[in-house]
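What follows is a short report on a single structure.
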C-alpha cells in the first residue's frame, strides 16, 4: 500500500485530506503539533493509520517522520504540507514575533516537509509532494498581508522546486501547489467578525471535504498547480498585474467582501451552511 504523510492533520482540512487518502488506499500517517489531535485523526481512519507529533518548523523532526513513514513499505509515496497559520491585520500593526510565526510555519515548514520528503523520494525516483498554499499565494491579500507574503514564498519554492527537479532529469517525482479559496475550518471559525479577514470570504467559501477530494484526485492525475475554484486564480492575478487599477477597485472589492462575510455569518449561525 502507498504511504502518505499529512502535516497539520489534527483537524480541518488536514484531517479531511487524511480521511480521503485513506479511502483511496493509502497508509496514512497523520501529523500535527497537537499529538492528541493527530492521534484522533488516525483513530477515525482505523486500521493501518498512524500518527505523530510534528512541529514543521523543525527540519530534523520532519526528516525523522519521513524516515519512519518510508520504513513502513520501503518508500514514501506522498507528503502533503498542509500545516498553516493565519493571523490577520495591517502589516505595520503586527510585531516581529507574529511575522516570524507565519513565515516559520507557512514558508519554512513547507520547505522542511518538501526537502524531507524528497530525500526519501529521490533514491526511488518517484513520489509526490503536495503543498497546500492558498489563493493568498497568488495575490497580495488586503488585511492578510504578512500571511500572503509567507504564502507567496511557499508558492515560489513549490513551483521552483518542480522546475529544478525537471532540470535535473527527475521526471517521476511530482510537486503540486494547491491554492484554494477560503475554507471553513478552525482557521476561519473565529474570523466572522474580523474585518481584516474579509478577503477570505470574498469568493466562494469552501468545505474541507470538497478541497480534500480535489487533493485526492491529484494523486491520480498530478498537475503543477490547482486553483479552487479555478476561475478565481486568473481573476485575482489581475490585481497584481495592474496595481493602479486594483487600487481604484479596492474600496468596492472590500465592501463586497465584507457583505459576503456578513452573509456567511448569518447562514452559519442559522445552521444553513455548510
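Read-outs: derived from the displayed coordinates by stated rules, not from any lab. Because the structure is predicted, anything quoted here is derived from the model rather than measured. We place every Cβ from the backbone using ideal geometry, glycine too, and count neighbours over all the protein chains shown.
May I ask you to list the residues in segment 157-174 that are surrounded by 13 or more Cβ atoms within 10 Å (Cβ to Cβ) and within 23 Å of residue 236 (Cα to Cα)?
Answer for segment 157-174, where residues must be surrounded by 13 or more Cβ atoms within 10 Å (Cβ to Cβ) and within 23 Å of residue 236 (Cα to Cα): 157, 158, 159.
Kindly provide the set of residues from segment 223-274 that are free of Cβ contacts under 8 Å to residues at least 24 places away in the same chain, under 30 Å from residue 128 (Cβ atoms) and assigned to a helix (DSSP H, G or I), ordered by number.
234, 235, listed by residue number.
Test residue 136 against the criterion of being buried (at least 19 other Cβ atoms within 10 Å of the Cβ) and under 14 Å from the mean Cα position of the chain (by Cα), and give yes or no.
When the stated conditions are applied, residue 136 passes them.
Counting only residues that are in contact (Cβ under 8 Å) with a residue 12 or more places away in the chain and under 20 Å from residue 110 (Cβ atoms), which one in segment 42-60 is surrounded by the most Cβ atoms within 10 Å (Cβ to Cβ)?
Restricting to residues being in contact (Cβ under 8 Å) with a residue 12 or more places away in the chain and under 20 Å from residue 110 (Cβ atoms), the top hit is 54.
Give me the residue from segment 156-197 that is assigned to a helix (DSSP H, G or I) and over 25 Å from residue 123 (Cα atoms) and, out of that set, farthest from the chain's Cα centre (by Cα).
Among those that are assigned to a helix (DSSP H, G or I) and over 25 Å from residue 123 (Cα atoms), it is 195.
For segment 24-139, list the helices (runs of 4 or more DSSP H) that sit wholly inside it and hold at least 3 residues that are touching a strand residue (DSSP E or B) at 6+ places or on another chain (Cβ under 6 Å); which are they?
The qualifying helices (runs of 4 or more DSSP H) are 35-45, 59-73, 109-121.
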